[in-house]
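Below is one structure; the comments refer to it alone.
The values are calculated or read from the model by the stated rules, or taken from the named source; none is laboratory data. Just so it is clear, the model here is predicted, and its values are computed rather than measured. Cβ atoms come from the backbone with ideal geometry, glycine included; neighbour counts cover every protein chain shown. We work out accessible area using only protein heavy atoms, side chains counted, and drop any ligands, DNA or RNA first. Shrake-Rupley method; radii C 1.70, N 1.55, O 1.52, S 1.80 Å.
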Amino acid sequence: MSNGKNHQGPAPPMKNGGQASHPMQKLRQAIALHQQGQLGQAEALYRDVLDVAPDSSDALHFLGVLESQRGREDIGLPMIERAVAINPANVSAHYNRGNILRDLERLDDALRSYDRVLALKADHIGALNNRGVILHDLGRYSEALVSYNHALAQKPDHADALCNRGSTQIELKRFEDALSSYERALAIAPGDVAAHFGRGNSLSGLARFEEALVSFDRALAIAPDDVRVMNNRGNVLNRLSRLDEALACFNQVAASDPLNADALNNRGNIFIQLKSYAEAVSSYDRALGARPDWPETLYGRGYALTELKRHDEAIVTFERLMEIKPDYPYALGMLLYAKRTACDWRDSLSVVSKTARAVKEGKRAVTPLAFLAVSDSIEDNARCSRILAADKFKARAQALWRGEHYGHSRIRVAYLSADFNTHAVATQMAGVFERRDKTRFETIALSHGLNDKSPMRTRLERAFDRFLDVQNMSDFDVASLIRKEEADIAVDLTGLTGRGRPGILAARPAGIQVQHLGFPGTMGADYFDYIVADRVVIPESQQRHYSEKVVYLPDTYLPNDRTRVIAREAPSRAEAGLPASGFVFCSFNNSYKFSPEIFDVWMRLLGAVSGAVLWLPEGNEAARRNLAREAQARGVDPHRLVFAGYAEAPEDHLARLALADVFLDTLPYNAHSTASDALWAGLPVLTCPGGSFAGRVAASQLHAAGLPELIADSLAAYEAMALRLARDAAMLAAVKAKLRQNRDSCPLFDTGRFTRHLEAAYTQMWELHRRGRAPEGFTVAATDASAL
């Protein structure tokens, strides 16, 4: 910002009646020397004048300015204030007092000084401009804009005021207006670095990143060492997904200015995108060394620590952030997520209630995925999605798709996912991609996640007509590619998860846009036309909470691949770390889905079943430690919690599930893919449906598996049923036998049947679209057709 805060140099003195000619002559000499930069000689003459005329307002004022120029504001400011007291009409003294006060960050006092200047001289350009700067610094942007406009009414070619106005317009998200202000400034001063810099920032705000880059490059051609420009150039390269170039920018800034917190923070942000989380923490720590209480850096550091599974440190970081800035966007939710993942429930009620209250109030407090683990309210969950969608993924004013109908011989479906690798979504959908009707459907994969070069990745690359790796492309560029590919239907398989990129479909690149599988709830955005569901996960009574039209599949919305391999040999109980005998309850859900309420039930079960153990995923060290403490507090020996290590091969994990007796589901966020794993491996899953989509997925699967008797209608019934299964060996054996019998014939694992139902849904969407009708909900009729 061009703030004009430099002190106004000496001007001819005001005439003070009764002043001797000798002091006046010395004052003029002092002013001349001051203007020439000969401060020592000027000071001596000012002091000579004050020896003779101690109440000379001008001598006091100018000597105060001189001392402040030397960095001695503690001496200069009192002098100027004496000058103002002697002559309250001394405009220049009021003005320079305001400049010094702003240097001292006494913004409210500075504002009063500028107001006094304008009361004496309403057209004072400097005061109008600097008053705007103060108001900008105070966050009073609309008032700042008024002040700049008054300055420009007096002097339309004031380049500093134009640049400052542009900066304020950027804060108000008025990027087109800001661009106009900066371009007017450049017409006046083509070599003004601040104007080129601001123009680049305006273009960046308009998502015109390539043009922004040109502006930043022009600024750097004039001022190659300007770290602000280099830093923002890196930000634009980041937005263009040119991560290596962005990192080089931030490294260059950090090399020339090792304490530049902006560059170090942005460097950390790039490392997060590159999934180099340890390097991110290191960069954030350096940034915090320069600015210890910077909220953005604390947030990034906490996120990186979460990804590193250093949850205790993440909790401390987010708690520090909440102390500094309690309303920092999504910080409360990240604290909640870190504590839940670490199973740190010591102030659970307080954090959960605070988060729920913030969502009800429409605040940007928590991401929807984290909220699902603590909220059973379909209404609140939908509100949470709408908040995030409105904040992060606004629809573009001009859609890329303009109503075209392409007339392809086959319906062209583009699938977007971050999980086209070794991931549950890929595992569930791979068979569907392979079994599609190639005479009627053409498929394109747009992968915006990691290429892990795994067998699953290779399998997926072969399953599509075209497989496009777009992880290094911006949202808009990916959307433009979808439009160029003339996709009839675009399907987002990632949704509002941490890896999701809904901003791609916010540009409306396709005439039909669908969300499926990746996120169990509404996207909260009107640019998604449909959600694929079933009548268990979305009862008809809940449709009003969805921004999408609901398309019901007849069995379950969740696909499965019936070709999944289970290793021939399961490990022994000893090899799995389990005791030689005793009933094995298990829950292989992520630890953030565990709740103190469900853990209460589990511990009561261990207390009631002698020798039983609870088998859980190894997760993270903090969770293991905290769960052991929680078990002890409930009177259960912590050694009865057994933690399973990570199984590298999916088939080995499926095989070891045979060692368990019953899978205990979680609430309010059910097992999803982990429930599929258990059922495919022949392990009964016991669930209790919740009030939202996320809490009803296991029930959907059990209906499709032909085992509705494992769906309890309350937690009390859930606990009682688990106890019966543990005590009645014949009853458990019958349930397992039924699951084995159903596995090869039930709809849950009939990949071909599911594929035909999904294709029928796509066909009906396309037919409605072709006839020019708006999206509408419908139910797909059941078919007996299965793929080979």
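Details
- Farthest positive-ward along the chain dipole, Cα basis, beta-carbon charges - from V281, C746, F585: C746
- Charge dipole (debye, nearest 20) of the stretch 666-785; +1 at Cβ of Lys and Arg, -1 at Cβ of Asp and Glu: 100
- Efficiency of FRET between V565 and R724 - r from beta-carbon atoms, R0 45 angstrom, step 0.05: 0.85
- Each label point was placed 7 Å from the Cα along the Cα-to-Cβ direction; for T458 and K121 their separation is 8.0 nm.
- Using a probe radius of 1.4 angstrom, the carbon and sulfur fraction of the accessible surface of the chain is 50%.
- The stretch 665-705: projected area of the alpha-carbon convex hull, averaged over directions, in nm²: 2.4
- Residues listed by number, the stretch 507-530, amide nitrogen under 20 Å from E176 label point at 7 Å toward C-beta: 507-508
- Helical content of the chain, expressed as a calculated mean residue ellipticity at 222 nm, amounts to -16500 deg cm²/dmol (DSSP H runs of 4 or more residues, -39,500 (n - 2.57) each, divided by residue number, nearest 500).
- Cβ-Cβ distance of N451 and M731, R₀ of 51 Å, FRET efficiency by 1/(1 + (r/R0)^6): the value works out to about 0.60.
- Centre separation in Å (Cα based) which lies between the stretch 141-205 and the stretch 70-87: 33
- Here the contact order of the chain, divided by its residue count and restricted to Cα pairs under 8 Å and six or more residues apart, works out to 8 percent.
- Cβ charges +1 (Lys, Arg) and -1 (Asp, Glu), total dipole of the stretch 61-157, debye: 200
- With both labels modelled 7 Å from their Cα along Cα-to-Cβ, the R634 to A716 distance reads 1.9 nm.
- With the charge dipole of the stretch 594-749 set up from +1 on Lys and Arg Cβ and -1 on Asp and Glu Cβ about the Cα centre, the Cα lying farthest toward the positive end among the listed residues G690, P596, M731 is that of M731.
- Most tightly packed first, judged by the mean number of other beta-carbon atoms within 10 Å of their residues, the peptides 424-430, 517-523 read 517-523, 424-430.
- D55/E105 FRET efficiency (R0 35 Å; Cβ-Cβ; nearest 0.05): 0.70
- The mean sequence distance of close C-alpha pairs (under 8 Å, at least 6 residues apart), as a share of the length of the stretch 560-634, puts its relative contact order at 33 percent.
- Reference-scaled alpha-carbon Rg (2.2 N^0.38 Å with N residues) for the stretch 209-348: 1.13
- Size descriptor for the chain, Kirkwood hydrodynamic radius: 30.4 Å (Cα pairs only, one decimal).
- Cross-link table K339/K363; K394/K453; K363/K593; K339/K549; K173/K354; K325/K392, entries beyond 27 Å C-alpha to C-alpha: K394/K453; K339/K549; K173/K354
- Dipole moment magnitude, nearest 20 debye, the chain about Cα centre, only Lys, Arg, Asp, Glu C-beta charged: 760
- Relative contact order (%) - the stretch 706-783, alpha-carbon pairs under 8 angstrom, separation at least six: 21
- Computed from Cα atoms, the angle from the helix 243-256 axis to the main principal axis of the chain rounds to 40 degrees.
- Note that the stretch 134-177 presents 46 Å² accessible area per residue, ligands and nucleic acids not counted, probe 1.4 Å.
- Of the residues L659, A671, N626, the one whose Cα sits farthest towards the positive end of the charge dipole of the stretch 622-680 is N626 (charges of +1 on Lys and Arg Cβ, -1 on Asp and Glu Cβ, taken about the Cα centre).
- Once the Cα atoms are used to define both axes, helix 261-273 deviates from the longest principal axis of the chain by about 20 degrees.
- Fraction of antiparallel bridges per DSSP, the chain only, in percent to nearest 5: 0
- C-alpha long axis of helix 295-307 to longest principal axis of the chain, angle in °: 20
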